[in-house]
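All remarks here apply to the structure that follows.
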Amino acid sequence: MKNKTAIAIHGGAGTILKTEMTAELEAEYRSGLENALKIGWKILQKNGSALDAVEAAVVELENFPLFNAGKGAVFTHEGTNELDASVMNGANLDCGAVAFVKNVKNPVKLARLVMEKTEHILLAGQGANEFAEQMKVEFENDEYFFTDFRYEQFLKAKAANKVQLDHTAEEKGFKVQSSKFKVQNEEKSKDKGQKTKDEIKSKIGTVGAVACDFRGNLAAATSTGGMTNKKFGRIGDTPIIGAGTYADNNSCAVSCTGHGEYFIKAATAFDVSARMKYKNLSLEDAANEAINYLTTIGGEGGLIAVDASGNVVLPFNSEGMYRGFVTIDNEINVMIYK
């Protein structure tokens with residue numbers, strides 16, 4: 001079967017209900033997802049590579065402050081922003097990843113440089129930042145990554161002495177006043193029992209993209225700010241090849257989002273590929289089996305995946321997942337709820 005170009009993206013999974021979403025905020029999310037899809041799809045339409053498409057789409061998501069990646073990343077226990085990202089080329093299994101990087105505007109670009117400019121796969125911490133300086137990637141000061149609602153989220157988590165996943169945390173009594181993300185106390189919404197914008201936004205996180213280009217080559221990329229109030233150098237699934245990201249032209253490209261520890265336990269991204277290769281399953285069946293297995297061990301989240309024929313799947317076991325895709329019919333599809 002002749003391959004068909006396709007791209008899919010995600011902006012995190014969690015308890016996302018239409019009854020809890022404001023029309024204004026939903027429009028912002030949809031706009032952010034659509035813009036990222038358009039950028040990636042434009043590259044594929046011009047016969048560009050899947051690798052270039054997923055990188056460009058994730059860069060756009062990193063620059064969009066409603067998601068926990070790049071600008072708008074959550075805060076660590078020390079009150080800093082530490083960023084993780086990975087990328088994989090399905091044509092040759094080349095991959096690169098970074099963890100604990102600071103002040104790098106677009107960590108996914110750095111992950112690709114690790115893949116292309118070093119003999120390594122994963123660089124972390126100060127060493128990764130030193131490599132970023134050598135590669136002359138774009139840096140931003142701390143203020144660039146700061147958003148009020150993320151900082152309020154951090155203060156509450158720290159006061160409660162808990163580490164919380166961005167896509168499942170509960171934040172009560174705050175709302176966003178404008179696109180500048182100014183936060184103020186809002187008791188009226190609490191009294192009415194309504195969810196506010198920050199409660200909704202606190203349930204999303206990791207971003208990612210997968211694509212199939214006109215040659216049938218696959219690629220995947222994932223980026224995150226991690227967990228609010230994370231300590232002790234915690235690493236989730238995002239920068240771990242096979243857990244949060246995987247791509248192989250002989251099966252599929254996958255990007256995951258959710259409770260990272262469980263995706264690591266299940267090697268979920270690779271699990272989809274393995275089920276296709278070893279059980280000869282379709283992309284849809286393999287992805288659904290992988291999510292079902294994740295559910296049996298207590299994990300929550302979802303994934304996006306594409307195969308070399310341009311088939312796309314976006315399964316998840318949470319209430320919702322910010323997601324979208326474009327295939328050969330050229331129609332942009334963006335979805336939020338289950």
Residue selected from region 63-100 under the condition among the β-branched types (Val, Ile, Thr) and modelled with pLDDT of 95 or more, by the criterion surrounded by the most Cβ atoms within 10 Å (Cβ to Cβ): Val87
Conditions first: (1) in contact with a Ser or Thr (Cβ under 9 Å, 6 or more places away or on another chain); (2) farther than 30 Å from Asn249 by Cα; (3) in a loop (DSSP other than H, G, I, E, B). Gly79 passes all but one, so which condition is the exception? (1)
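Please determine, by comparing only the residues of region 139-175 that are of a type in the set (Phe, Trp, Tyr) and crowded, with 18+ Cβ neighbours inside 10 Å, which one is modelled with the lowest pLDDT. Spell out the reasoning first.
Of all residues in region 139-175, those of a type in the set (Phe, Trp, Tyr) come to 139, 144-146, 149, 151, 154, 174.
From the residues that got through so far, the ones that are crowded, with 18+ Cβ neighbours inside 10 Å too are 145, 149, 154, 174.
Details: Phe145: 80, Phe149: 64, Phe154: 57, Phe174: 28.
By that ranking, first place goes to Phe174.
Please state which one of Leu294, Leu303 is surrounded by 23 or more Cβ atoms within 10 Å (Cβ to Cβ), of a type in the set (A, V, I, L, M) and in a strand (DSSP E or B). Please lay out each step first, then the result.
Working: Leu294 fails: in a strand (DSSP E or B).
Exactly one residue qualifies, and that residue is Leu303.
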Report, by residue number, each residue of region 66-96 that is in contact with a strand residue (DSSP E or B) (Cβ under 6 Å, 6 or more places away or on another chain) and closer than 15 Å to Gly233 by Cβ. Glu82, Leu83, Asp84
Residues that are under 19 Å from Tyr246 (Cα atoms) and surrounded by fewer than 17 Cβ atoms within 10 Å (Cβ to Cβ), drawn from region 119-138: Glu119, His120
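Please pick out the residue among Gly205, Gly244, Gly302, Gly225 that is within 14 Å of the chain's Cα centre (by Cα), at pLDDT below 95 and under 30 Å from Asn330 (Cβ atoms). Walk me through how you get there before you give the answer.
Values: Gly244 fails: at pLDDT below 95; Gly302 fails: at pLDDT below 95; Gly225 fails: under 30 Å from Asn330 (Cβ atoms).
Every option except Gly205 fails the conditions.
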Being aliphatic (A, V, I, L, M), surrounded by fewer than 24 Cβ atoms within 10 Å (Cβ to Cβ) and at pLDDT 95 or above is the filter here; which residues of region 314-333 pass it? Leu314, Ile332
May I ask you to list the residues in region 5-19 that are surrounded by fewer than 18 Cβ atoms within 10 Å (Cβ to Cβ) and not hydroxyl-bearing (Ser, Thr, Tyr)? Leu17, Lys18
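The values are calculated or read from the model by the stated rules, or taken from the named source; none is laboratory data. These figures come from a predicted structure and were not determined experimentally. Methodologically, a virtual Cβ is constructed for each residue, glycine included, from the backbone with ideal geometry; neighbour enumeration extends over all protein chains shown.
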